[in-house]
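In what follows, a single structure is set out as structure tokens and then discussed.
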Amino acid sequence: MAALRQLWSTIADRHGLGVAVFIGVAVLFWVLVLIVLPQLAMFDVSLRHNLPRPEIGGPADVYTLKNYSYFLFGNGALNTLDIGVLVKTLIAAVIVTLLDIVICYPIAFILAHSATGVAARMMVIGLIVPFWINDILRAFAFRILFGATGVINGIGQALGLWSSPIDFIRADVALYAGLAYTYTLLMVFSIYNAVETLDRNQIEAARDMGASWWRVHWRVVLPVAKPGIASGATMVFMLTAGALAAPQILGGPSNLWFTQIIYQWFNDAGDWQRGSAYATILLVVCLAFVFLMMRVFKVSIGAIGR
Amino acid sequence: MTRGLGGGLFAFSYALLFFLFLFGPLIIMVITAFNSSAFPRVVPWECFTTDWFGVLVRNERLMSGLWTSLAIGVAVVAIAVPFGLAGALALADIGPRLRAGLYAVLITPILIPGVVLGISTIVFWSFVGRGVGASYDTVFYNGFFLTLLGQVAFIASYAMLVLNARLQRFDPTLTEAALDLGATPGQAFRRILLPFMKPALGSAAFITFLASFENYNTTVFTILSGNTFTTALASKVRLGTDPSLSALAVIIIAVTLIGAMVSEAHTRRQELLRSGKAGQSRFYANPLSRLLTHPGAVLVLLLGVTGFIAWSASRVDANVCRAAILQEKQQLQERLMQEQRNRIQQQAPAQPATPSPSNNPSPFGGAFNPNSLAPPVQPAPPAAPPPSNNPSPFGGAFNPNSLAPKQ
């Protein structure tokens, strides 16, 4: 409390009372009304029965764990379907994240330490342009690319690599490629910001002392890049696990993303309570996973977004 | 160049491959926008046409969604940027102990899945609406209002990140000097800090607008029964695709590229002017090239070229070519039917069974069947126009079994 009062007087002294009021009101409204209270409301609703509107607030409106137990046990035995989809979503998100790290690390390094002047600026523009194009259109592009009569199948068949069209969409290849594509920019800039701080003399010194190139990367560059990789990986993982458009457009017909189940409970089944419970599960599981990984790799949340 | 560490040939070829990966899908999509085939594809190439742009503009749902999206985008910028600024200022002045905590709180909305934000927003406001006894036509059940709040919750974090980066380079002694010279704190804020933040405020506004415009995950919940541009686009893609979406991509890419080039021209000009070498530069020696490298002139030039290309492309009449293709297809179909008839006649005595289409495995494996991608029921389509054209010439019609089993 004392710290808050101190903050208030610092801001008021430096920027004036009006600005201090503005900062206080805006941050409070943002944090409380837009972030915290909605999450609490969602959690509250997830603990209730799906009642018709007149009965809400009536005697039947009591707390229940029904929606969570449905996720675990379904209507009888273990709910392998929904749990399986959640696990599959998490695994897929990890795969996409790793894919992005592998793809983006060299580019970030090249951008920070090899490219200069015009080349570097062109690379930055080249990275940003695909990011400006709508999410939906990006997914659409991958559908054109990977469709049965798409370009990849066309080239493969023309070269005689395979004879009948491969169903990349059913095999989720299109989905993984599309998701990895969507978040490359985030990963590149996160790693770039970290790698850029590396003094090039350190690399030179390591080389002079006879380290091989992979050893230089492993022992000199990677430790510097680690916070950037962690920050990028966190964002890519959370965005991939929470993606809805790409799985809807690129997902195979029998293949669901966990967000799609939430969407179905919410919009198709009209069961806000169960949808909220599933959304809470997604949020808690994803955040827990991210914090676990941060603990394992010893990075702090302050590194994100830097 | 760092020896053997991403310098030289390896770096070059890797960068080439990487940008091929980035731009390949976009280039393919651009090409499909000009193919007259009803399904977006490059091969077989049918006719060059610009008709898909017309189809795009005539899509009323998309166009009305566009206006909604623009309005929401402007409103989000107007709220999210000040919120982001407030967050960044609070972070700058807070003590080191609380700083990490506040940073974590303000950064979390980026990490929360958009789906969760959307759901929590509508649940919370319907809760509030019920609390004050509001009816369904009030602001608490208004898609525009809810989308605005849901988007601001996390987009303000983007603004905060951009502004925070700039604010960290601010020299607080400037403000103190102004205060010492007798300015009121408010004056110092308006005259010193805000002008310093101006470029970052501009880019924050730009980023927040883009983020709002292309957001889907949160908006698809909070817009309720309405439509923004992106949600209309998504339901169109899920119901069935046609190259008018590629045409949209062409427009967006063109706008983006023109914007990027103009901004590049602007940056270079600024650098040149700031470095003081403008007088020596050969571009500035010549008045014509001096005028031509001005960002405004670059913009006019690019717009002119684009306009000319669009105009000349729109004059290409694809009807003749399309009629030829149609005729070709009909001939092929007739020939196939003739062959089939012959075969049936040959087989008829031995095997009376006619080949039934359902035994015919679709070459598309149902992957293009519009139903196989969409969830069973669409979210309250408000007078949804039926998809005017079949997504694929085969449309899954060959494959009645391909209505994928939904769990």
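Counting residues that are more than 16 Å from residue B:122 (Cβ to Cβ) and hydroxyl-bearing (Ser, Thr, Tyr), which helices (runs of 4 or more DSSP H) fully inside the stretch A:221-277 reach at least 2?
A:222-241
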For this session: Report, by residue number, each residue of the stretch A:186-212 that is of a type in the set (A, V, I, L, M), surrounded by 15 or more Cβ atoms within 10 Å (Cβ to Cβ) and not in a helix (DSSP H, G or I).
Result: A:198, A:211
For this session: Test each condition in (1) within 11 Å of chain A (Cβ to nearest Cβ); (2) touching a residue at least 60 places away in the same chain (Cβ under 8 Å) for residue B:68 and report the one that comes out false.
Result: (1)
Exercise. Taking into account only those residues within the stretch B:101-116 that are buried (at least 24 other Cβ atoms within 10 Å of the Cβ) and within 20 Å of the chain's Cα centre (by Cα), which is nearest to the other protein chains (Cβ to nearest Cβ)?
Worked result: B:113
Problem set entry | Odd one out for residue A:148 among (1) within 7 Å of chain B (Cβ to nearest Cβ); (2) assigned to a helix (DSSP H, G or I); (3) of a type outside the set (Ser, Thr, Tyr) | (2)
Exercise. Pick from the stretch B:80-100 the residues that are surrounded by fewer than 21 Cβ atoms within 10 Å (Cβ to Cβ) and small (Gly, Ala, Ser): which of them is nearest to residue A:45 (Cα to Cα)?
Worked result: B:100
For this session: Quick one: which helices (runs of 4 or more DSSP H) lie wholly within the stretch B:1-120 and hold at least 2 residues that are aromatic (Phe, Trp, Tyr) and modelled with pLDDT of 85 or more?
Result: B:8-32, B:60-93
Problem set entry | Selection within the stretch A:35-57 - touching a Ser or Thr at 6+ places or on another chain (Cβ under 8 Å) and of a type outside the set (Gly, Ala, Ser) | A:35, A:38, A:39, A:42, A:43, A:45, A:47, A:48, A:49
For this session: Would you check if there is a residue in the stretch A:290-302 being under 30 Å from residue A:197 (Cβ atoms), assigned to a loop (DSSP other than H, G, I, E, B), within 10 Å of chain B (Cβ to nearest Cβ) and of a type in the set (D, E, K, R)?
Result: no
Problem set entry | Residue, farthest from the chain's Cα centre (by Cα), within the stretch A:153-185, restricted to residues that are of a type in the set (S, T, N, Q) and part of a helix (DSSP H, G or I) | A:157
For this session: With respect to residue A:58, determine if the residue is within 8 Å of another protein chain (Cβ to nearest Cβ) and over 20 Å from residue A:261 (Cα atoms).
Result: no
Exercise. If only one of B:224, B:179 is in contact with a helix residue (DSSP H, G or I) (Cβ under 8 Å, 6 or more places away or on another chain), of a type in the set (A, V, I, L, M, F, W, C) and part of a helix (DSSP H, G or I), which one is it?
Worked result: B:179
Exercise. In the stretch A:65-83, what count of residues is obtained for those that are among the polar types (S, T, N, Q), surrounded by 14 or more Cβ atoms within 10 Å (Cβ to Cβ) and part of a loop (DSSP other than H, G, I, E, B)?
Worked result: 1
For this session: Tell me which residues, restricted to the stretch A:252-271, are at the interface with chain B (Cβ under 7 Å from one of its Cβ atoms) and buried (at least 22 other Cβ atoms within 10 Å of the Cβ).
Result: A:259, A:262, A:263, A:266
For this session: Considering every residue within the stretch A:21-43, establish whether at least one is touching a Phe, Trp or Tyr at 6+ places or on another chain (Cβ under 6 Å), facing another protein chain (nearest Cβ under 9 Å), among the hydrophobic types (A, V, I, L, M, F, W, C) and under 16 Å from residue A:271 (Cα atoms).
Result: yes
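The values are calculated or read from the model by the stated rules, or taken from the named source; none is laboratory data. If you're wondering where the values come from, they're calculated on a predicted model, not measured in any experiment. Cβ: placed from backbone, ideal geometry, glycine included. Neighbour counts: every protein chain shown.
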